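The values are calculated or read from the model by the stated rules, or taken from the named source; none is laboratory data. Computed from a prediction, not measured in an experiment: that's the story for all the values here. Using ideal geometry, Cβ is built from the backbone for each residue, glycine included, and neighbour counts are taken over all protein chains shown.
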C-alpha cells in the first residue's frame, strides 16, 4: 500500500475517534460472552463471525497507529499493519456484520460493534474498496435532492397513476386527492420508499384516518448509512429535513424502513417537527378509533412479528406493532427471543441491496428456525430490508409463511365506515 | 547485590509503579475527554426507567453475563468481589486504617479471599484455553492472567508461610511488620525493607511486590482499564 494512501486512511480513522469510540476501542476484555450473540455465528460457528473478532480487526489497527503501547510493543500480537491484507480483513468484517447491535445485549460493557464497523466502512471508502452499488445508490438519492425542481412534475404524475389503487383500498372523500403531495401545513409528511408497496397501503390508512398528510418527494432509505459515509448520510437526511421544514409539517412519519427510521429519529439532531415511524401512526389511529379493522381478514392465520433491529432494539418501536397486531389477529404469537433480543434477519447493513444471497441465507439459518418454531402462517414485519430477507429465507428454507408488511395487513383489513 | 535489587523492587519501583498507574490513567481519561462527543444516542431499547441505576447494576452485577454464561458469571463475581476485598485487606495493613480488629493477626478475609481469587483466575485461564474463546485470545490475555495468577499465588504463599509460626504465638511477618513497611513507603524515608520484614520467606514478598508493581504499571495500558470505563460504557447503552 502506498504511504500516501496509508496516511489518508489513518486520517479517516482519526476522524471517527469520538469520545465514545475511544471507550469502545479501549475496553474489550475479550471475555467472549458476545460470541453466541451474532446470528451469523449461531448459523455458521466460525470465529470470524463473532462480534469480538470483527471489532478486534479495527482494534488492532487502532492500537498500531493511535496507542503508545501498540507503537512500542507491536510484537505482543495485538496490532496489525494497515496494508492490503488488512483491508481485505476489514471488508470481510464490515460486510458480514448487519449492524444489528444484538451483541450489545450480551456484552458486559455494551460495546457497540456497529459503531466500530463504521471505521471499517470508512476505511473501505477511503481505499475505494467499498461496495460501489451502495455508493451509487447513495449518490442517486443525493442527486434527486439536487434536481428536484426539474423532476417534481414527473414524480407527481407517477403518483397520480397510483391513486386508483389507493381508492380501491379506501374510498376517500370526493374531490380529495388520494395521494396528496407538497401540502403546506400538513400534519404528517409521509416519507415512503421508491415503490408503490410503500405508498398505497399507507395512503389508504392515512385517508381512512382523515389525516391531513403529504407524501414526501424523497425516498426514506439512506444508502449513505449502509455504506458508512457520514457526509452522504447527512446529505440524504437533509433533503427530507428541508422539505419538512419548508412545508411546516408537525410530524415526519418514516415508512417501514428500519435504517431510515433510526437515522432520522436518533441521528439527525433536533428539528421543528417530530419524527415517528409509520407503525406509531397506525397504532395511534387504532387507539384513537380513527380507523377500524376487520379481524376476520386474518381468521385462521397464526401471526408472528419479526422486530426489525433498527426499529426495535436500535429505534425503540417495540410495543406499538404488537398493539396493532393484537387488533388485527386473534392468534398472535411471539417468536423467541423477541423485542430487544430478537435475532437479526440477516439482511441489514446493506447486504440485501448488495445481493450476497448465499451468505445471507447461510448466516440466517437461526432466523428461519426461530420463525418455524412459532408455527405461524403469517410473518409480519415493519422494515423493507427485513421483508426482502425474510421472503428470501421463506423460499430458501421452505418456512411456509406469508411475509407481510404491517401496513399491508392493516390496509387490507380497513373497515369502510 | 541481591539486597540492592530487593530494595529497588520494594521501594523505588513501588513509587515508579504508582506514578505510572496514576499518570497513565489520568492520561488515558484525559485523551478520551479531549475527543469530540459522538453527538447522537448509542442506547439500545426497550427503554427502562432509572437508566442510571440500571447502568450501575450492569456494571457491578453483570446481568448480561449471568444470563448468557452463568458459570462464567459466578467466577466473574467471585473474582471481582474477592479482588476488591484483597485491595481493602492490603489497605488495612496501613497503620490506623483499622478495618480488622487491632488484635487480629489476620488480614481481611483471613486468606480465603486469596484462594477465591486464585480459583477464579484458574477458571478464567482454563476457559480461555478452549473452544471459541481460545480463538479470540491474544498473547496479552494469557500474560495478564498469568501475572494475576502468580500475584495471587505469591500472596497466598506469604499468607500461608506467615501462619507457620502461629503455634508459637505469632506470625513470621506480622501485620504490624507489613504496616511498618507501608508506613515507611508513605513517609518516603527509604528505610531498608529487610529491617522491617524479618521472615525467611522475604524473597516471596519481594516477588509479590514486583508482580504487583508490574500489575500497576500495565493497568492503564491494557484491558484492565475496564475498571474505570465499564460504568460510562453502560451509561451509553442504557441512555
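Counting only helices (runs of 4 or more DSSP H) wholly contained in the stretch A:111-182, the ones carrying 2 or more residues that are within 25 Å of residue A:267 (Cβ to Cβ) and within 14 Å of chain B (Cβ to nearest Cβ) occupy A:113-126.
Considering only the stretch A:259-285, how many residues are out of contact with any helix residue (DSSP H, G or I) (no Cβ under 9 Å at 6 or more places or on another chain) and in a helix (DSSP H, G or I)? Adding up the residues that qualify gives 2. Residue pairs whose Cβ atoms lie under 7 Å apart, sitting 6 or more positions apart in sequence or on different chains, and linking a residue in the stretch B:225-239 that is at the interface with chain A (Cβ under 8 Å from one of its Cβ atoms) and free of Cβ contacts under 8 Å to residues at least 40 places away in the same chain to a partner that is crowded, with 17+ Cβ neighbours inside 10 Å and outside any helix (DSSP H, G or I), are B:226/A:29; B:226/A:109; B:233/A:109; B:233/A:110; B:233/A:111.
Residues in the stretch A:339-364 that are within 14 Å of another protein chain (Cβ to nearest Cβ) and surrounded by fewer than 19 Cβ atoms within 10 Å (Cβ to Cβ): A:339, A:341. Out of A:103, A:107, one residue alone is in a helix (DSSP H, G or I), modelled with pLDDT of 95 or more and not assigned by TED's automatic domain parsing to the domain that holds residue A:309. It is A:103.
Being more than 14 Å from chain A (Cβ to nearest Cβ) and closer than 30 Å to residue A:22 by Cα is true of residue B:78. When the stretch A:88-110 is limited to residues that are without any contact (Cβ under 8 Å) to a residue 60 or more places away in the chain and more than 14 Å from every other protein chain (Cβ to nearest Cβ), the one that is surrounded by the most Cβ atoms within 10 Å (Cβ to Cβ) turns out to be A:90. Exactly one residue out of A:51, A:55, A:40, A:29 is in contact with a helix residue (DSSP H, G or I) (Cβ under 6 Å, 6 or more places away or on another chain), closer than 16 Å to residue A:103 by Cβ and facing another protein chain (nearest Cβ under 9 Å), and it is A:29.
The selection criterion, being out of contact with any strand residue (DSSP E or B) (no Cβ under 9 Å at 6 or more places or on another chain) and not in a helix (DSSP H, G or I), holds for residue B:199. Among the residues of the stretch A:286-333, the ones that are part of a loop (DSSP other than H, G, I, E, B) and within 14 Å of chain B (Cβ to nearest Cβ) come to 12 in all.
Condition check ((1) at the interface with another protein chain (Cβ under 9 Å from one of its Cβ atoms); (2) over 25 Å from residue A:128 (Cβ atoms); (3) in contact with a strand residue (DSSP E or B) (Cβ under 6 Å, 6 or more places away or on another chain)) across all residues:
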| position | (1), (2), (3) |
| --- | --- |
| A:3 | no, no, no |
| A:17 | yes, no, no |
| A:25 | no, no, no |
| A:65 | no, no, no |
| A:70 | no, yes, no |
| A:85 | no, no, no |
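The residue list A:169, A:184 contains one member that is at pLDDT 95 or above, more than 26 Å from the chain's Cα centre (by Cα) and assigned by TED's automatic domain parsing to the domain that holds residue A:239, which is A:184. The helices (runs of 4 or more DSSP H) located wholly in the stretch A:1-54 that include 2 or more residues which are at pLDDT 95 or above and over 18 Å from residue A:122 (Cα atoms) occupy A:19-27, A:39-43.
Taking each residue of the stretch B:32-47 that is closer than 29 Å to residue A:340 by Cα and within 7 Å of chain A (Cβ to nearest Cβ) and looking for partners that are surrounded by 11 or more Cβ atoms within 10 Å (Cβ to Cβ) and at pLDDT below 95 with beta-carbon atoms closer than 7 Å, six or more apart or interchain, yields B:41/B:239; B:47/B:239.
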